[in-house]
Amino acid sequence: MDIGIFHTSDEAARAAAQIVIEKPHSTLGVATGSTPLGLYAELRKAWQDGRFSASSAYALDEYVGIDADHPEGYRNVLRRELLGQTGLTGETLHTPDGNAEDPVAAAAAYDFAIGAAGVDLQILGLGSDGHIGFNEPGGSLVSRTHVEVLASTTRHDNARFFGNDPEAVPATCITQGLGTIMEAKVLLLLAFGAGKAEAVTHLVEGAVSAAWPCTIMQMHPEVYVLTDEEAAVGL
Ligand code: GLP
């Protein structure tokens, strides 16, 4: 595990962009949440300068049952951040179908597609409870893409995107499983702010355990963890 601690999240985002640009990145795994937004801004700049282009991308997760036009649906977030500015198009940016009639079947189909494509580099954020994607504490450490019930901590954390109402945050999602995520060739995780410090400590120094799902990353051969000083305070 390669760990970089930066004064600010902006510096970390620039360093993260450098890693993405230098590593094979034809098929990217992309995260949502607020953490990777600085990185996406750097990648858009690099694309404009002709230094970066992705052929396809697979999202980590999507809410189940969220209105297709909802601005906080992860497909819509990623379209705003990446389409037409990183080499990606509506056809090459893939997200789980959160509005499928059968979300379990949609999750299995998505998992198959990711396996066939093979992710070169997976960008990750970190939940304050140690989730990656939406793999909440207590789940399997080798899971495939599946339907997950969100932890109440996560619904509270994400309420800021839903009018500060945790009840307005969808209760379930489709997420890549930990086993799926671990198949990416390179993992690049970003974590910013004091609210992530406990999870970062477990990620880097804790025992591998389903209680802190991110700890499975200790078993991956090529991991980069980039944080600001606040998130690294427990290291
Ligand atoms: C969300 C997403 C994760 C993200 C995490 C942290 O629930 N499903 O992929 O990494 O929570 O979000 P943020 O970056 O906004 O703190």
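The values are calculated or read from the model by the stated rules, or taken from the named source; none is laboratory data. These numbers come from a predicted model, not from an experiment. No Cβ is skipped: glycine too gets one built from the backbone with ideal geometry, and neighbour counts run over all protein chains shown.
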Long-range neighbours under 7 Å by Cβ, at least six apart or interchain, first residue within 15 Å of Asn135 (Cβ to Cβ) within region 152-172, second of a type in the set (D, E, K, R) and more than 12 Å from the ligand (Cβ to nearest atom):
none
Please work out which one of (1) away from the ligand (no atom under 12 Å from the Cβ); (2) crowded, with 17+ Cβ neighbours inside 10 Å is the condition Ala231 fails and give its number.
(1)
Answer yes if at least one residue in region 185-202 is farther than 15 Å from Leu60 by Cβ, crowded, with 24+ Cβ neighbours inside 10 Å and either β-branched (Val, Ile, Thr) or more than 12 Å from the ligand (Cβ to nearest atom) (or both), and no otherwise.
yes
Show the residue pairs meeting these rules: Cβ distance below 6 Å; 6+ apart or different chains; first residue within region 223-235 and in a loop (DSSP other than H, G, I, E, B); second residue among the polar types (S, T, N, Q).
Gly234/Thr201
Yes or no: region 141-149 includes at least one residue that is among the hydroxyl-bearing types (Ser, Thr, Tyr), without any contact (Cβ under 8 Å) to a residue 60 or more places away in the chain and within 14 Å of the ligand (Cβ to nearest atom).
yes
How do the helices (runs of 4 or more DSSP H) wholly within region 65-181 filter down when requiring 2 or more residues that are at pLDDT below 95: which remain?
152-158
Being more than 22 Å from Tyr40 (Cβ to Cβ), in contact (Cβ under 8 Å) with a residue 24 or more places away in the chain and part of a strand (DSSP E or B) is the filter here; which residues of region 182-220 pass it?
Trp212
Given (1) surrounded by fewer than 19 Cβ atoms within 10 Å (Cβ to Cβ); (2) in contact with a strand residue (DSSP E or B) (Cβ under 9 Å, 6 or more places away or on another chain), where does Met219 come up short, assuming only one miss?
(2)
